[in-house]
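The values are calculated or read from the model by the stated rules, or taken from the named source; none is laboratory data. What you are looking at is a predicted structure, and each value in this text was computed from that prediction instead of being measured. FYI the Cβ positions are ideal-geometry reconstructions off the backbone, even for glycines, and counts take in every protein chain you see. Side chains are part of the model used for accessible areas, which takes the heavy atoms of the whole protein and leaves out ligands, DNA and RNA. Shrake-Rupley method; radii C 1.70, N 1.55, O 1.52, S 1.80 Å.
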Amino acid sequence: MKSIIRGLAYVVGDAIDTDQIIPAEHLVYSLNKPDERRMYGRFAMSGVPIEQQGLPNGHIPFTDPDKYLSDYTFVIGGSNFGCGSSREHAPFALTEAGAKVVVAESYARIFYRNTIDGGFVIPFESHEKINHQIRTGDELELDTRFGQLTNHASGEEYLLKPLGDVADILNAGNVFEYARQNGLINPA
């Protein structure tokens, strides 16, 4: 995990569920074939209702039509981000689109664990609702060591909740790599 991450924010509302992050109709693509796997990036966040996209500045798509990578490094959500089904395709789709970090007020537990176990996006929690303070397109910088999020557009700084022990898993790359590195499973 990089210690400093910079990029643009994409802001959504509360209760963004896994079917909104990657609609079920797009789960037909292989996770192993590169030409198909990029489709998860293309359709990431495509199920988010229009009134929830780009909050607070209205409808802005996460990925432009016919592109597989988003311009947005950060997804800023409200409460209960990633609720819904337990499939790991949701954090996979965000990662495939190029997102590095999700900052939300709270997460559905299974989404949070899937992001960590699979080594997908980094899930930071905020102490307060910040999805109405940051605008889509704002330039953000995150110091992952201290959980310090800076919005360069407004000058505001936010101290996020520490990652705690999950930082070790994210630094290893995923839960299996962490287990290998720590002698919990046999090396492959």
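Put the Cα centre of region 62-95 next to the Cα centre of region 117-170 and the gap is 15 Å.
Normalised per residue, the accessible area of the chain is 47 Å², obtained with a 1.4 Å probe and no contribution from ligands, DNA or RNA. GNM on the chain, alpha-carbon springs under 10 angstrom: the most fluctuating residue among 162, 49, 34 is 34.
Counting charges near residue 19 (Lys, Arg +1; Asp, Glu -1) among other residues having Cβ under 11 Å from its Cβ returns a value of -1. Quick one: pull the percent of accessible area on region 33-120 belonging to carbon and sulfur, 1.4 Å probe, ligands and nucleic acids left out. Solvent-exposed carbon and sulfur of region 33-120 make up 50 percent of the total. For region 35-135, the relative contact order comes to 29 percent (Cα pairs under 8 Å, sequence separation of at least 6).
Please check: in the Gaussian network model of the chain (C-alpha springs, under 10 Å), which one of 169, 16, 122 has the largest mean-square fluctuation. Evaluated over the chain, the most mobile residue of the options is 169. In the assembled protein chains, residue 27 presents an accessible area of approximately 50 Å² (probe radius 1.4 Å).
Largest GNM mean-square fluctuation among 106, 46, 85, using the chain with Cα springs under 10 Å: 85.
Within the chain, how many Lys pairs that are eight or more residues apart, or on different chains, come under 23 Å at the alpha-carbon? Kindly include the intermediate steps, with their values, before the conclusion.
On the way: 2/100; 2/161; 33/67; 33/100; 67/100; 100/129; 100/161; 129/161.
Counting lysine pairs in the chain gives 8.
Annotation: the antiparallel percentage among DSSP beta bridges lying fully within region 1-140 is about 15. Relative contact order, whole percent, for the chain stands at 24, derived from Cα pairs under 8 Å and 6 or more residues apart. For residue 161, what charge total do you get from the other residues with a beta carbon under 12 Å from its beta carbon, if Lys and Arg give +1 and Asp and Glu give -1? Net charge around residue 161: -3. Assuming R0 = 25 Å, can you tell me the calculated FRET efficiency for the pair residue 59 and residue 153, based on Cβ-Cβ distance, to the nearest 0.05? So, using R0 = 25 Å, E works out to roughly 0.80.
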